[in-house]
Amino acid sequence: MYRKEFYVFKDEKPIPAVIRNYESKDFPSLIRIQEESFPPPFPSELWWNTKQLSNHVNLFPEGALCLEVNGEIAASMTGLMIDYDPNHPDHSWEEITDNGYITNHNPNGNTLYVVDIGVRPAYRKYGLGKWLMQSMYEVVVHLGLKRLLGGGRMPGYHKEADEMTADQYLDEVVKGNKKDPVITFLLRCGRTPVKAAADYLDDEESCNYAALMEWKNPYFTTNKDQKTNK
């Protein structure tokens, strides 16, 4: 199981933090993170419920991470394994994650797919999202997978939708001509764009688009001594 102890900083003061696998006792805190991280107009029915969280810890505990700051759960990140074909990248969040229940988790998959990442607003100056992303990269390396993949919201796109396509907006963000709260963050975390995916999620701010973005495992090899046959 995963556990990493380190320090985050607030006003130059170090504060102890831990990233670990979340458990059933953490469910109320994880639901609170969802409520605070994704307020309306984000659909409340997409917040976690206890059945979904139970599936996360039972089906793929390695992909169920939370981050504590001074003993308080402040952020979380969840993933599942899929067998991803780069030649057929199109999908929706609902189909790729089984609507967040991850019953389609594939232990023999080649890709760790990000189901969700959330940070409570009061902790968004601590760099927690980047710490969680780095930890999930470590899970990818540990499991010998090809990549981490996920769809990032494009909450700034609705302001530009009358002037450009989603792919054009994504390209402008990547070039640095525009900033997007989510996509720019993912770029800072080392993710690279694959494409803009239509009808990915019921998300008014993103006009239902998401940017599929990946991180390729630099240690991945197809040699026979590879830990897993992925």
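All of the numbers you see were taken from the coordinates with simple rules; none came from a lab. Every value quoted in this text rests on a predicted model; they were computed, and no experiment measured them. Heads up, the Cβs are rebuilt from the backbone with ideal geometry, glycines too, and the neighbour counts pull from every protein chain shown.
Quick notes
- In order along the range 184-191, phi translates into HN-Hα couplings of 4, 4, 5, 4, 5, 8, x, 7 Hz, rounded to whole numbers, per the Karplus curve 6.51 cos²θ - 1.76 cosθ + 1.60 with θ = phi - 60° and x for Gly and Pro.
- Loop-resident trypsin sites (Lys or Arg not before Pro) (DSSP state other than H, G, I, E or B) in the range 146-182 with no more than 12 further Cβ atoms inside 10 Å of their Cβ: 179.
- Rg/Rh ratio calculated on Cα atoms of the range 1-121 (Kirkwood radius): 1.00
- Violating pairs (Cα-Cα greater than 25 angstrom) within the set 146/179; 4/125; 125/179; 130/178: 146/179
- Footprinting exposure proxy for 56, 142, 88, 158 (fewest neighbouring C-beta atoms within 10 Å first): 88, 142, 158, 56
- Shown here are the Rg and Dmax of the Cα trace of the chain, at 17.1, 52 Å.
- Applied to the range 143-149, the Karplus parametrisation 6.51 cos²θ - 1.76 cosθ + 1.60 on θ = phi - 60° returns per-residue 3J(HN,Hα) values of 8, x, 8, 6, 6, 10, 9 Hz, with x for Gly and Pro.
- When each of 133, 81 is scored by the number of other beta-carbon atoms lying within 10 Å, the sequence from fewest to most is 133, 81.
- Summed residue charge, Cβ within 10 Å of residue 16's Cβ, Lys/Arg positive, Asp/Glu negative: -2
- Neighbourhood net charge (9 Å Cβ-Cβ; Lys/Arg +1, Asp/Glu -1) for residue 201: -3
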